[in-house]
Each structure stands twice: as C-alpha cells, then as structure tokens.
Amino acid sequence: MTRAVPTPVIRIAQERDVDAVLRLAVAGGQGLTNLPPDRAALAKRIAASERAVAGTAGREEGSAVLLVAEFDDEIVATGMIFARVGAEWPFYSYRITRQASLSQSLGRSKAQRMLNLVNDFDGETEVGGLFVDPARRGLALGRLMARARYLFIARHRSWFHNRVIAELRGYQDEAGRAPVWEAIGRHFYDMDFHEADRTGAIHGNQFIADFGPRHPIYLSMLPADAQAAFGRPHDDGRRARDMLLTEGFRDECYVDIFDGGPTLVADIDAVRTVRQAEHLAVAALGEADELVLASAGEAETFRAASGKVRRGAEGLTIEPSLAAALGVGRDDALCLAPA
C-alpha cells in the first residue's frame, strides 16, 4: 500500500514546541532578531504568543503570534505576526532621504542621501520571523508560511492595524560580517553585530535610544561596501522579498539600523492574500480540482494548509486530505485564497 504524502500544516506554536523551535533558531545562525538561539528567550516568546491569541491585552503589549509549520511530525518553519509594534519600546528604523543643494555662484547642484533615525511605525502591524529548516527547503514551505500569516490576519482582521510592515535581514558577507554595522553601529554601541542583535532580541531596544545617532548621517561619508549594503537583503532573504513585493508591499526607503536590511510597507487590506480571502462553509468532502490555501479555526485553534476544493451548486466540497489537515467537516467555516 502506498503511504499517504503528509500535508504541511501551519498552526499556533505551543509550549511543547520550544526545543523544535530552538533547533530551527540554531540552524538560522546570527541575525534573525525575532528568532534568537536562546531556549529561555524562545520559551518566553511562545508563552507571549499564547497570551496574544488568548486576549487583547497580550496583543496590545506587543506580543507576537508565533506560527509553526508541522510536516511529517516535525516543526520545519516559523513565522510571526506582531499585532502592534512599538508597544514595549519604540520601533526604530533609518529612513533614507535625499537632500539637494544648489550653488548659484558655482552653477552646480549636488544631492546627498541621508540616514535619519525614525520611529515612524509605532502601532503598525508587522510580519516577521519567517524561517524554514534548510534541510526542508524546496517544498514551498516559506511561501505557505508567509501566506498563512495573511490568512490569519484576514480571519482576525479587527486585531490588526491598517498598515503592515516586514523587516528583511540585511546583507552579510561570507564571514558573517555586516558592512552597515561595521560602518555605523559598532561606533555608537561599542559591541559587535551579533552581540547587538542578541541584546535587542532578548532585552529590547532601549539601548538604541540611549546610544544611537542624534543627527542625520551622510551615506557618502561611509565606506563603499556599507553604502552598497543599504536596502540589500541577506542572500537567503531574496525570495522572501520577492514574495512580499508580489503581495503588494512597497519599498519606502526604510532600512534596519543594525544591518541595513529593507523594511517594506503595505496597506493591510491591499495585501493580495487578505484582499482575495473568502469566508465559506464546507458542504461536503470529496473529489476536488481547484488548488487553494485554506485556513480553519480561530485564535489558538487556527490551522492552515494547501489543498483542493470544488465549487458547485451544492456548495463547497473539499478533498479529504485537506479536511484532515485542517480538522474540519461538513458545515465548518473556512477562509480561502487562491494558491
């Protein structure tokens, strides 16, 4: 008998997942601010996630909803949704602006790019923490996790702001060196990049305000490798950037203050998966031919998976494997988006 192919399922992280999530965090290496390779920190994040889905207070205090992908009885990917950033401490970014000067006496003009430390996103929603087990890449798990976050938002729309942001890990060279940090951060914070990243992930960002630059910085005064790194995602994050752009995110010249990675912005209701989401009830289980991304359940019972459905006069029919993955039956509610 042929063994059934397992269906990857996205669900809310639980306390029992901490060691599996730690394994992923260690595999991710340095620079994943939302996924520090520290068991105590990850246990705290999972507990905070459980509070966030349990009630408004957890979301208002800035806790992230932590999602995991379960495949073949293993946790193989993570993703996060922060209902509100800037709740516990300000959310800092650099914004790159252009300043032009004109000399009438010389008959010349000159434009400079400037880095300005801002916290324009206090209160916005953020999606982040997307990481796939390197041993499981090639199975479209990253796309499934990314889009499942938007279905979660669509299913719980009142929880979230009108705008959503996504920070991408910035460029590092083959030795793990971040040119932006070496050019700026090291001089202000007197620590190496990985120590600063870990400090922010575990203890918060107050030290950024305490020691950060008070005035705009001219990009032209920085080393060439740092200038080239601003707005450039980590090599492992190019596909994530492309997925965000496909969903409708925009580059508005915001970058991360540690590594210069891009921060993309979108109006939540214009995000493609949110905009296309449909809320339907299951009429029957059976053969189906339309591939969709589907979710079921609310809050702590949320689950998402890819599978097939069929629309007809009798209503929505879903294939049994998708019904099993989502734990649904006849008359249960689904949230669907095109695959």
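The values are calculated or read from the model by the stated rules, or taken from the named source; none is laboratory data. Please read all numbers here as calculations on a predicted model, not as lab measurements. We place every Cβ from the backbone using ideal geometry, glycine too, and count neighbours over all the protein chains shown. Side chains included, ligands, DNA and RNA excluded: accessible areas come from the protein's heavy atoms. Shrake-Rupley method; radii C 1.70, N 1.55, O 1.52, S 1.80 Å.
Points to keep in mind about this one:
- Given a 1.4 Å probe and the protein chains as shown, Leu316 ends up with an accessible area of around 10 Å².
- Largest to smallest accessible area among Cys335, Cys253 [probe 1.4 Å]: Cys253, Cys335
- Helix 238-247 and the longest principal axis of the Cα set of the chain meet at an angle near 70°.
- Solvent-accessible area of Leu336 with every protein chain in place, 1.4 Å probe, in Å² to the nearest 10: 0
- Helix-only CD estimate at 222 nm, as mean residue ellipticity for the chain, using -39500 (n - 2.57) per DSSP H run (n ≥ 4): -8000 deg cm²/dmol
- Calculated SAXS-style log₁₀ I(q)/I(0) at q = 0.11 Å⁻¹ - region 49-180, Debye, Cα scatterers: -0.56
- Overall, the accessible surface of region 1-118 at a probe of 1.4 angstrom is composed of carbon and sulfur to the extent of 49 percent.
- Across region 20-97, the volume of the C-alpha convex hull divided among the residues equals 117 Å³ per residue.
- Cβ charges +1 (Lys, Arg) and -1 (Asp, Glu), total dipole of region 194-339, debye: 160
- Candidates Gln14, Gln276, Gln112, ranked by Gaussian network fluctuation over the chain, Cα under 10 Å, top entry: Gln112
- Positive minus negative residues near Ala325 (Lys, Arg vs Asp, Glu; Cβ under 12 Å): +1
- Here the chain is scanned for GluC sites (Glu not before Pro) in DSSP loops (not H, G, I, E, B) that have at most 15 other Cβ atoms within 10 Å, and the longest stretch holding none of them is 175-286.
- Computed from phi, the 3J(HN,Hα) profile of region 305-315 under the Karplus parametrisation 6.51, -1.76, 1.60 (θ = phi - 60°) reads 6, 9, x, 10, 9, 9, 9, x, 4, 7, x Hz, with x in place of Gly and Pro.
- The alpha carbons of region 115-269 give a radius of gyration and a Dmax of 16.3, 47 Å, in that order.
- Rounded to the nearest 10 degrees, the inclination of helix 18-28 to the longest alpha-carbon principal axis of the chain is 50 degrees.
- Which of Arg84, Arg45, Arg147 is most accessible, then next, and so on - probe 1.4 Å: Arg84, Arg45, Arg147
- The residues of the chain expose on average 47 square angstrom of accessible surface per residue, using a 1.4 Å probe on protein heavy atoms.
- Phi angles across region 179-192 convert, under the Karplus curve 6.51 cos²θ - 1.76 cosθ + 1.60 with θ = phi - 60°, into 3J(HN,Hα) values of x, 5, 5, 4, 7, 10, x, 4, 6, 8, 10, 6, 8, 7 Hz, Gly and Pro given as x.
- In this view, the solvent-accessible surface of Lys44, computed with a 1.4 Å probe and all protein chains in place, comes to about 140 Å².
- nm² value of the averaged projected area, convex hull over the Cα atoms of region 203-264: 5.7
- Put simply, the amide H of Arg169, placed in the peptide plane, has neighbours under 5 Å in His234, leaving out anything fewer than 5 places away on its chain.
- Cα long-axis angle, helix 141-155 against the chain (0 to 90 degrees, to the nearest 10): 80
- Taking the Cα centre of the chain as origin and assigning +1 to Lys and Arg Cβ atoms and -1 to Asp and Glu Cβ atoms, the resulting dipole is close to 780 debye.
- Where the alpha-carbon atoms of the chain are placed on the principal axes, they occupy 78, 45, 40 Å, in descending order.
- Accessible surface, 1.4 Å probe, highest first, among residues Met145, Met191: Met191, Met145
- Label-point separation, Leu291 to Asp251 (7 Å along Cα→Cβ), nm: 2.9
- Net charge of Cβ neighbours under 11 Å - reference Ser63; Lys, Arg +1; Asp, Glu -1: +1
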